1. Name the single residue that is farthest from Leu101 (Cα to Cα) among those in the stretch 138-165 being crowded, with 17+ Cβ neighbours inside 10 Å and aliphatic (A, V, I, L, M).
2. Return the only residue of Ala34, Ala49 being modelled with pLDDT of 95 or more, out of contact with any Asp or Glu (no Cβ under 9 Å at 6 or more places or on another chain) and assigned to a loop (DSSP other than H, G, I, E, B).
3. Is it the case that some residue within the stretch 123-143 is at pLDDT 90 or above and either within 28 Å of Thr94 (Cβ to Cβ) or outside the structural domain of Thr68 (by TED's automatic domain parsing) (or both)?
4. For residues that are part of a loop (DSSP other than H, G, I, E, B), modelled with pLDDT under 90 and not small (Gly, Ala, Ser), tally how many sit in the stretch 57-111.
5. If you go through the stretch 22-35 one residue at a time, do you hit one that is out of contact with any helix residue (DSSP H, G or I) (no Cβ under 7 Å at 6 or more places or on another chain), among the basic types (Lys, Arg) and surrounded by 12 or more Cβ atoms within 10 Å (Cβ to Cβ)?
Amino acid sequence: MPPKPKVTRDIVLEAALGLLREEGMDAVNARNVAKKLGTSTQPIFSHFASMEELREAICAYAEHFYNTAMLEAMQGGGNGFLEMGLAYIRFARTEKKLFQLLFMSSRLQQEKVSDIAGSTEGDDQVIAMIGSMTGLSADRARKLYSGIWFTTHGIASLVATNGSTMDDTEARAVLGSVFKGLLAVLQKEGEAL
């Protein structure tokens with residue numbers, strides 16, 4: 001009789017991610033992960049001390065996957081800021097459950113909504129990019145980023161919950177218009193000083 005294949009940490013994590021992508025985080029429990037693996041729960045707990053530790057590993061994976069997509073968009077040429085917004089919406093479209101976990105759950109907590117801009121990895125680079133693109137001060141570039149983020153997040157949330165079928169062309173037009181409007185207001189404020 002051949003030996004049973006070893007269930008590695010990565011195999012457990014992939015099974016849990018599969019459940020998350022199919023059914024959401026509520027479906028990620030020991031029984032469901034074991035069923036997906038075709039094993040008992042023992043291999044899960046030989047690699048993860050608890051289900052909470054497994055969920056934290058899933059969140060870390062989701063954040064890394066998201067951050068990689070955003071950095072690729074930023075470095076992809078063209079208007080990096082606009083491309084990041086479109087990539088955010090695409091992420092919501094193609095990874096609905098990961099998007100919901102990262103941006104539509106209790107994981108995203110800020111005391112003030114305006115604190116969202118600048119609170120995640122890479123935000124400082126984006127704000128600096130906006131400043132160099134537009135000539136805005138760091139404070140005004142942060143305000144522009146916040147305004148565009150709210151618009152982008154609203155579209156992405158609708159897409160992630162199947163409430164919208166907005167394609168990239170329409171999203172590009174909306175984001176471009178909002179960017180131009182906010183930029184004009186922030187530039188005018190700067191001139192008034």
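1. So, considering only residues that are crowded, with 17+ Cβ neighbours inside 10 Å and aliphatic (A, V, I, L, M), the one farthest from Leu101 (Cα to Cα) is Ala141.
2. Values: Ala34 fails: assigned to a loop (DSSP other than H, G, I, E, B).
Step by step, each of Ala34, Ala49 is checked, and only Ala49 is modelled with pLDDT of 95 or more, out of contact with any Asp or Glu (no Cβ under 9 Å at 6 or more places or on another chain) and assigned to a loop (DSSP other than H, G, I, E, B).
3. no
4. Residues meeting the conditions: 8.
5. yes
The values are calculated or read from the model by the stated rules, or taken from the named source; none is laboratory data. This is a predicted model, so every value here is computed, not measured. Neighbour counts run over all protein chains shown; Cβ positions are idealised from the backbone, glycine included.
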